[in-house]
């Protein structure tokens, strides 16, 4: 499994307090830090045009994550699927199985 983590202290703090089991699971994964290089920047430029055609404006961090995933042939993991679906990349909610089990 590959994971792209952006520096969002609010999200990390929320996970620490509300979902410690999930955070512990993620921390035991083999995490690779992927570069945002020139080729990934070119992909990001292309991806950022897609949602604008649909009158959507994703944040630059989401575009960077999606471009990195596309560049390396990865699936983006996010709890907020609506940020990534307009970018045309593979995306899954890694916590959806917990909601089904817990009845959320």
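Panel order for 37, 30, 93, by other beta carbons found within 10 Å of each beta carbon, from fewest to most: 30, 37, 93. If you rank 87, 38 by fewest surrounding Cβ atoms within 10 Å, what's the result? Taking fewest neighbouring Cβ atoms as first place, the list is 38, 87.
Put in line by how crowded their Cβ is, counting other Cβ atoms within 10 Å and starting with the fewest, 72, 83 read 72, 83.
Rule-based calculations on the coordinates, nothing more; no lab input. If you're wondering where the values come from, they're calculated on a predicted model, not measured in any experiment. Virtual Cβ from ideal backbone geometry, glycine too; neighbours counted across all protein chains shown.
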